[in-house]
Every structure is written in structure tokens, then in C-alpha cells.
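Novice: Got a structure for you, written out below as C-alpha cells; questions coming shortly.
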Amino acid sequence: MGTMRDRAAIIGVGNNQYGKMTAAVSPLVPLAAAFKNALADAGIQRDEVDGILVNIGTPFGVDYDQVSEAFGLDIRFSDQTWTHGRQMSGVLAHAAMAVDAGLANYVACVCSINWARAGTVGDHGQFQDDREIGGAHFEHPYYGMTSPGGAWAMAARKYFDRYGATSADLAEVCVSIREHALRNPLAVMKKPLTVAEHQASRYVCEPLHLYDYCQTIGGACVVIVTTPERARNGPHKPIYIAGHQGMCAGRAEATGARPGLGIHQQDESYPVPRERDLLVYKMAGVERSDIDAFYTYDAMSSIVWMALERFGFCKPGEAWQFTKGGRIGPGGELPVNTHGGLLSEAHVSGWNHIIEMVRQLRGECGERQLPNAELLQWGTNRGDSLILRN
Amino acid sequence: MTAQQDIPAKPLPAISDFNRPFWEGTRVNEFRMQRCNHCKKLWAPNGPVCPHCFSDDYHWEKLSGKGKIASWVVFHKLYHKAFANEIPYNVAFVELEEGPRVIANIVGVDNKDIRIGMPVEAVFEKINEIVTVPKFKPR
Ligand SMILES: [Zn+2]
């Protein structure tokens, strides 16, 4: 069987200064800053980049042809994923396969989002709403089901009801991730959060409160991938892609949930995790207990629970207890999203998580640096995962 | 609150060749679903083939219209102006007696009284000559 283990490495990462943008700012602007930073970080010249992969295109992101023209690149390998969050780890895997297969020497994975250009996410007329079988977040505009958050709220309610968890339990996830953000100068959220403040905040889509929602402000990230041979010549220690597994899809999957929860067409008796949910550890040749910190797509706080259960960090229905008492916060047993995640750093579709993982593995994280970080995992409620090592 | 004249009409469902019989059903107050003639299973959401056995041999069947609430949410933030007079409003997943789950609004009950597991049945709200939208009320 083939393997991707250690056959590609991340040599450079770059981002812009995250913050509010108006709709008048082209997403190319923050991306130019991020691209320059990533090139400098990788120690390569712009003309050495011969591959580009884009996650999130027009209208609120950038398209591969536009970036290549605008930045004067000469690209021989390009591709672009759906204009959507989440597809991040698959893009990185695609880059790894491309350099391993000789399709490109240096692949720049880029994501730039100006959420102000999305209008209010969920307005009717958005690309996801008009499918005749419903949108990716169960959008049914004629019922007023017009916001991605509605999908997460549906799964959160079901989880509360089925396992006896409450919104106050969920608040602890938000508080811990905010604690991480307070140690990260890049994070847009600068103030501590308490469970009481979370509980007193308004509902957006009940049962989710304001603080259960991420920071859709905007930002740009660039991650440069190359072969291990080329990576060894760089200014930094290469960060190897040790393991990957892809995003799952089908009737067992539902936005905002993990398999078996009973949302959309999910069978409630479906076992979690299944063997295929844990293949990433096998590929990387490690055990789950070797993982030093966990990174997950936290567009809404409740999917942190779904991801922890899906990867077996705790049993189905037990994540709400697992995340109590600061266990996923700074200095906890399993730190989660040590930069503050989408909830408290910024929503750059998970690319900001990858950048944090690289910086942690290089030991560049100052006050929030994990002691002896050697193996970090990205994993989401949809089953996609990456294990990075130094 | 937005002035009445500023509130646009609610969006209409996207009707395609494969889901048209569903919307023809609601017009005569029937909740219909596709049943596979090969493996005999029902499926939602509507689609061109049976997702269980991939057969395209199916018929539309009238269901009981009865089910229970599988999960539900309440929109407090207004995302679509057409719902300006309804905020806060609910949206639910209804698990039909026959198995599949569908999205709909729950009517005839205060949002605070909605519960997972609550038994409900379909009611039909005529929008125009073409579109009638099914909703559910407690039974
Ligand atoms: Zn069938």
C-alpha cells in the first residue's frame, strides 16, 4: 500500500495581520503580504514557486489564475477547491502528492478570505442555498434555514439532548480556546472570556450563543510545500507531513455532527470511531497518545466535541465532560487550538491552524510554546486529518 | 422593525425535474417520498436515484405525514429579510414515521415548548398556485 508518510514537507508559512476588512479590500491585498512572508520564511524566490493550490475562490476569496497573474508567477501545476471552509487538509495533501509525483517543485497553498464580501453568510442567493436537495448546511431558504450556523445548532441541540450536556458545558470550550488566544499576539480576541459572559451573550441560532461562533473577519495564509530533499536546504527545520486521511462524505456524515449523532440521514447506531477514522495514526506510525496537541476546525464551538469523539480522544457522548476544567486550554492534558482557532484568532478556513502547528513544531511560539512539541494533529468532525512532525 | 413594504417575499423552493412530483404532492396536501422498486427503501432528500442500491427504478408514494422532532433550532439573528416579522422563528429536523428526516418549520406551538421527540404531523401552507410548503404541527 502506498503512503504519504514523510514524503513532503512544509518549508514556509506566512500570514497577514488579521483584522477587520471592508468589502472594498480585495482579498489579493492581504494575500500579497502573506505570500511575501511565506517566501521569506521558506528562503526561496518567487520564481521558484511552480505550483499553486487555492482553497476558497471568488466571490470572497481568490482564484488560482488571478493570483498567478497578479503576483507574476509562472505556474505549471494548479488546482482550486470549492468556495467553502473546511477543505483545507485535502489541499495540503494534494500539494504533498504533487511534489512527490514531480508535478511541481514548490507548491504554494493559498487561502485569502474577506468575509465582508460574503455579505451576511447565509443570505438567500448564496451559492449554497439554491441546490434542489438543500445546501451544504441544510439550507432551505423557504423555511428560513439560511445560515451555516443553523446546521451546527441542529447538531448541538441533538447532542445536548442525547448526552445531557448544556450550553454552559459548551462555554468551557470557548473559554479554553480564548485562553490560548490571549497568549497569541496575532489573535483578534484580546480579552478573557468567562462562562457567565458566554451564557449572558445573545443567541444567534439557539442553542448557540454569540461566543459559540467564530471570528469571520478575514485574513490570508500561505503554506509552501516541497520534497524532503529540497526542504533540507531551507533556513528552518522541515516540518514533515507524517500522515493524512481525507474528508469523509456520504449519508453517515452531516455538517456540524460526527457520524452516529442522528442528524440529517445519520444512523444513530453507527459506531464511532471506525477503523478508517484512525488511519492517520497508522500512516504516521504513531499512537493517539503520542499527540502533543490537537487542532480542529472550530467554526462553532460544538464541533470541537464532535472531532474529539470522532478521533477517540474520548467516547461518544463524553467530550462535554472531557473539555471541562481547562483540559484543552493552556497547560492542559490535550491543548486544542493553541493559537485561539477560528473562535478567537481568526477564520482563515483552518490554514491559520496549520501555520500555528508549523510554528509550534519549530519552537517559535514564545509565551504559548508547547513544551517538547514533536507531533501535532489536525482533525475535524468530518474525519479529515493531518499529522505533522518536526 | 423593518417597515412592511421593505420586507421581500419569502424565497421559493428550487423545483427541478426530479423533485417536481414532491411539489405536485404538496399542492394536493400529500407528503410524498420516493420509494425504490428494487430494494423497497425510501429516501430523503429527493434525488434522481436510490442512494441505497443506486437503482433509478422508483415510484412516488404518499406517506403518513406523521413523525417526531429529531432536533430543532431557533433563529434569533435575522439572516434573510423576508423573515423580519417572524424572528425568532424555529426550524426543525422531523423524523418521519417511515424513517427519513426532513427539514421544516414547526407551527401551532410556542418555540419554548418544542421538544426533541415531540410527535408532529404535516400541515400544508399554500404560497401560490404552484407552490405549497409542508410544515409540521404537534399532534
Ligand atoms: Zn434501492
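The values are calculated or read from the model by the stated rules, or taken from the named source; none is laboratory data. Predicted model, so just to flag it, every value in this text is computed and none were measured. Heads up, the Cβs are rebuilt from the backbone with ideal geometry, glycines too, and the neighbour counts pull from every protein chain shown.
Novice: If you take the residues in segment A:54-93 that are over 23 Å from residue A:24 (Cβ atoms) and hydrophobic (A, V, I, L, M, F, W, C), which one is nearest to the chain's Cα centre (by Cα)?
Specialist: If we take residues in segment A:54-93 being over 23 Å from residue A:24 (Cβ atoms) and hydrophobic (A, V, I, L, M, F, W, C), then A:88 is nearest to the chain's Cα centre (by Cα).
Novice: Could you say which residue among A:29, A:54 is β-branched (Val, Ile, Thr) and touching a Phe, Trp or Tyr at 6+ places or on another chain (Cβ under 6 Å)?
Specialist: Details: A:29 fails: touching a Phe, Trp or Tyr at 6+ places or on another chain (Cβ under 6 Å).
Residue meeting the stated conditions: A:54.
Novice: Which one of these is within 14 Å of another protein chain (Cβ to nearest Cβ), among the charged types (D, E, K, R) and away from the ligand (no atom under 11 Å from the Cβ): B:27, B:20? Walk me through how you get there before you give the answer.
Specialist: Working: B:27 fails: within 14 Å of another protein chain (Cβ to nearest Cβ).
Going through B:27, B:20 in turn, just one is within 14 Å of another protein chain (Cβ to nearest Cβ), among the charged types (D, E, K, R) and away from the ligand (no atom under 11 Å from the Cβ): B:20.
Novice: Filtering segment B:38-54 down to residues that are within 16 Å of residue B:18 (Cα to Cα) and loosely packed, with under 14 Cβ neighbours inside 10 Å, which residue is farthest from the ligand (Cβ to nearest atom)? Before you say what the answer is, go through the steps one by one.
Specialist: Step one: of segment B:38-54, the residues within 16 Å of residue B:18 (Cα to Cα) are B:42-51, B:54.
Adding the requirement that they be loosely packed, with under 14 Cβ neighbours inside 10 Å leaves B:48, B:54.
Numbers: B:48: 12, B:54: 7 Å.
Residue satisfying both the conditions and the ranking: B:48.
Novice: When you scan segment B:106-115, how many residues do you find that are part of a loop (DSSP other than H, G, I, E, B) and under 16 Å from residue B:66 (Cβ atoms)? Steps first, answer last, please.
Specialist: Start the filter on segment B:106-115 by keeping residues that are part of a loop (DSSP other than H, G, I, E, B), which leaves B:107-110, B:114-115.
When the remaining residues are screened for being under 16 Å from residue B:66 (Cβ atoms), the result is B:107-109.
The total comes to 3.
Novice: Restricting attention to segment B:45-77, report how many residues are under 20 Å from residue A:134 (Cα atoms) and within 7 Å of another protein chain (Cβ to nearest Cβ).
Specialist: Selection size over segment B:45-77: 10.
Novice: With respect to the numbered conditions (1) at the interface with chain A (Cβ under 9 Å from one of its Cβ atoms); (2) touching a strand residue (DSSP E or B) at 6+ places or on another chain (Cβ under 7 Å), which one is the sole condition not fulfilled by residue B:15?
Specialist: The single condition residue B:15 does not satisfy is (2).
Novice: Among the residues in segment B:66-76, are any under 25 Å from residue A:137 (Cβ atoms), surrounded by fewer than 18 Cβ atoms within 10 Å (Cβ to Cβ) and free of Cβ contacts under 8 Å to residues at least 24 places away in the same chain?
Specialist: Yes - at least one qualifying residue is present in segment B:66-76.
Novice: Hey, another quick one. Tell me, yes or no, whether segment B:63-72 has at least one residue that is out of contact with any Asp or Glu (no Cβ under 6 Å at 6 or more places or on another chain), assigned to a loop (DSSP other than H, G, I, E, B) and either at pLDDT 95 or above or not polar (S, T, N, Q) (or both).
Specialist: The initial filter retains those residues of segment B:63-72 that are out of contact with any Asp or Glu (no Cβ under 6 Å at 6 or more places or on another chain), namely B:69, B:71-72.
Checking the rest, the ones that are also assigned to a loop (DSSP other than H, G, I, E, B) come to none.
No: zero hits.
Novice: Something else about it: Output the strands (runs of 3 or more DSSP E) that fall wholly within segment A:188-251 and possess 2 or more residues being of a type outside the set (Val, Ile, Thr), within 14 Å of another protein chain (Cβ to nearest Cβ) and in contact with a Lys or Arg (Cβ under 9 Å, 6 or more places away or on another chain), or say none. Even if it seems obvious, please write down each step before you answer.
Specialist: Details: elements: A:203-206, A:219-226, A:239-245.
It comes to A:203-206.
Novice: Tell me, please, whether a residue that is buried (at least 17 other Cβ atoms within 10 Å of the Cβ), hydroxyl-bearing (Ser, Thr, Tyr) and farther than 24 Å from residue A:221 by Cβ can be found in segment A:109-120.
Specialist: The answer is no, given that none of the residues of segment A:109-120 is buried (at least 17 other Cβ atoms within 10 Å of the Cβ), hydroxyl-bearing (Ser, Thr, Tyr) and farther than 24 Å from residue A:221 by Cβ.
Novice: Considering only segment B:73-87, I want to know if a residue exists there that is assigned to a strand (DSSP E or B) and acidic (Asp, Glu).
Specialist: Step one: of segment B:73-87, the residues assigned to a strand (DSSP E or B) are B:73-75.
Subset that is acidic (Asp, Glu): none.
Within segment B:73-87 (the criterion being assigned to a strand (DSSP E or B) and acidic (Asp, Glu)), the answer is no, since none of the residues qualifies.
Novice: Something else about it: Restricting to segment A:351-381, count the residues that are at pLDDT 95 or above and not in a helix (DSSP H, G or I). Quick ask: steps written out before the conclusion?
Specialist: Narrowing segment A:351-381 to residues at pLDDT 95 or above: A:351-371, A:373-381.
After this cut, where a residue has to be not in a helix (DSSP H, G or I) as well, the list is A:363-365, A:369-371, A:373-381.
Counting residues in segment A:351-381 that are at pLDDT 95 or above and not in a helix (DSSP H, G or I) gives 15.
Novice: Restricting attention to segment A:296-306, does a residue exist that is out of contact with any Leu (no Cβ under 8 Å at 6 or more places or on another chain) and either farther than 11 Å from residue A:383 by Cα or without any contact (Cβ under 8 Å) to a residue 24 or more places away in the chain (or both)?
Specialist: Yes, there is a match, as at least one residue in segment A:296-306 is out of contact with any Leu (no Cβ under 8 Å at 6 or more places or on another chain) and either farther than 11 Å from residue A:383 by Cα or without any contact (Cβ under 8 Å) to a residue 24 or more places away in the chain (or both).
Novice: Let me ask another. Where residues in segment B:127-139 are outside any loop (DSSP other than H, G, I, E, B) and touching a residue at least 40 places away in the same chain (Cβ under 8 Å), which of them is farthest from residue B:29 (Cα to Cα)? Walk me through how you get there before you give the answer.
Specialist: Narrowing segment B:127-139 to residues outside any loop (DSSP other than H, G, I, E, B): B:132-138.
Keeping just the survivors that are touching a residue at least 40 places away in the same chain (Cβ under 8 Å) gives B:132-134, B:136.
On the way: B:132: 8, B:133: 9, B:134: 8, B:136: 12 Å.
Across segment B:127-139, the extreme among qualifying residues is B:136.
Novice: Separate question: Can you run down the residue pairs with Cβ atoms below 9 Å, 6 or more apart or on separate chains, where the first is in segment B:36-51 and farther than 16 Å from residue B:97 by Cα and the partner is near the ligand (Cβ under 8 Å from one of its atoms) and among the basic types (Lys, Arg)?
Specialist: Once the first residue is farther than 16 Å from residue B:97 by Cα and sits in segment B:36-51, its partners that are near the ligand (Cβ under 8 Å from one of its atoms) and among the basic types (Lys, Arg) give B:50/B:41; B:51/B:41.
Novice: For residue B:94, indicate whether it is part of a loop (DSSP other than H, G, I, E, B), at pLDDT 95 or above and more than 10 Å from every other protein chain (Cβ to nearest Cβ). Before the answer, list the steps.
Specialist: On the way: part of a loop (DSSP other than H, G, I, E, B): no; at pLDDT 95 or above: yes; more than 10 Å from every other protein chain (Cβ to nearest Cβ): yes.
For residue B:94, the condition - part of a loop (DSSP other than H, G, I, E, B), at pLDDT 95 or above and more than 10 Å from every other protein chain (Cβ to nearest Cβ) - is not met.
Novice: What's the number of the condition residue A:47 fails, among (1) within 11 Å of residue A:108 (Cα to Cα); (2) surrounded by fewer than 18 Cβ atoms within 10 Å (Cβ to Cβ)?
Specialist: The one condition residue A:47 does not meet is (1).
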